[in-house]
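See below for the structure under consideration.
The values are calculated or read from the model by the stated rules, or taken from the named source; none is laboratory data. None of these values were measured; they are calculated from a predicted model. Methodologically, a virtual Cβ is constructed for each residue, glycine included, from the backbone with ideal geometry; neighbour enumeration extends over all protein chains shown.
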Amino acid sequence: MKVSAKRQITLPIELCAVADIDKGDEVDSFVDRQGIISIVKKSMGAASGILKNTKANRSISEDASLQSAID
């Protein structure tokens with residue numbers, strides 16, 4: 001594969017077939033700490049409703065909530 005001047009690549013049809021990626025599909029890309037790039041097909045509605053039964057804890061401040069996520 002070659003990277004274009006616009007940093008674009010063309011995925012080989014063989015890889016697209018294995019990953020079930022078709023023309024017009026949306027994909028996401030990720031880079032891990034070793035510099036490996038992964039390209040995955042977006043699944044429509046994959047996260048839909050994942051938080052629907054989650055209740056907010058209004059007794060904790062936003063700052064405390066953010067700090068607890070960091071710790």
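Collect the residues in the stretch 36-71 that are within 17 Å of the chain's Cα centre (by Cα), at pLDDT 80 or above and in a loop (DSSP other than H, G, I, E, B), keeping them in residue-number order.
Within the stretch 36-71, Ile36, Lys42, Ser43 qualify.
Has the stretch 7-20 got any residue that is in a loop (DSSP other than H, G, I, E, B) and among the β-branched types (Val, Ile, Thr)?
Yes, some residue in the stretch 7-20 is in a loop (DSSP other than H, G, I, E, B) and among the β-branched types (Val, Ile, Thr).
Looking at this structure, is Ala17 out of contact with any strand residue (DSSP E or B) (no Cβ under 9 Å at 6 or more places or on another chain) and exposed (fewer than 10 other Cβ atoms within 10 Å of the Cβ)?
No; evaluated as a whole, the condition is false for this residue.
Would you check which residues across the stretch 1-22 are among the charged types (D, E, K, R) and under 11 Å from Lys41 (Cα atoms) and list them?
Selection gives Asp20, Asp22.
Just wondering, is there one or more residues in the stretch 56-68 that are in contact with a strand residue (DSSP E or B) (Cβ under 8 Å, 6 or more places away or on another chain) and exposed (fewer than 10 other Cβ atoms within 10 Å of the Cβ)?
No, the conditions are met nowhere in the stretch 56-68.
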